[in-house]
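Structure record follows, encoded as structure tokens.
FYI, it's all coordinate maths here, none of it is from the lab. On a predicted model such as this, the values are computed, not experimentally measured, just so you know. Every residue, glycine as well, gets a Cβ built from its backbone with ideal geometry; the counts of neighbours run over all protein chains shown.
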Amino acid sequence: MIELNPATGKRAGSTIRSIAGRNGGAIEAPVIVKRGAYYYLWVSFDRWCQGAASTYRVVVGRSTSVTGPYVDRNGTPMTSGGGTEMLAGHGGIHGPGHQTVMTDTDADTLGYHYYAANGAALLGINLLGYDAAGWPFVY
């Protein structure tokens, strides 16, 4: 994470803050969304571009500060490989990931791409709900 100058959109300094990591494991497509008291960091783990053999999956962590630390449901920091799995391959959906979260007045949605069993790349959209503890779930 880097700070941006709001007037120029360029870097406001040289400090780079790590907010997620997996000791060399693939992690990409970060998006941070604020909802209530929490900032949610959504990322994709593992591999894409393998057709139906893709292992991409969506995980999330949260923090009360935009700069972290972000932790998963078990309290594991995302800088130490933590992340609560939200969406993974199942049935005819293979390698879902590179997600975005869209908020609206009546619901949040999770958008992502995935492969069908025949290798076709498709767009998926699911509704998000939040449990009593404020953790998101996909339905």
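Near the amide H of G81, within less than 5 Å, lie the amide hydrogens of G21, all on another chain or at least 5 residues away, with H placed in the peptide plane.
Taking the beta-carbon count within 10 Å as an exposure proxy, list T64, T84, T100 from fewest neighbours to most.
Placing the least packed residue first, the sequence is T64, T100, T84.
To make sure I understand, if each residue's beta carbon is the centre and we count other beta carbons within 10 Å, what order do S65, S54 fall in, fewest to most? Don't jump to the answer; show the numbers that get you there.
Numbers: S65 9, S54 21.
By the 10 Å Cβ count, ascending, the order reads S65, S54.
Amide H to amide H, with H built 1.01 Å from N, R35 comes under 5 Å of Y40, counting only residues 5 or more places away or on other chains.
Fewest to most neighbouring Cβ within 10 Å: what's the order for M102, M1, M86, M78? Could you put the intermediate results ahead of the total?
On the way: M102 12, M1 15, M86 21, M78 27.
So the ranking, lowest neighbour count to highest, is M102, M1, M86, M78.
According to the calculation over all Cα-Cα pairs in the chain, the P(r) per 10 Å bin from zero is 12, 39, 34, 14, 1 %.
Available extension along the chain between A12 and L127 is 37.8 nm, counting 0.36 nm per residue and deducting the alpha carbon span. Here the simple spin-label model places points 7 Å from the Cα toward Cβ, and for A26 and N5 these points are separated by 3.7 nm.
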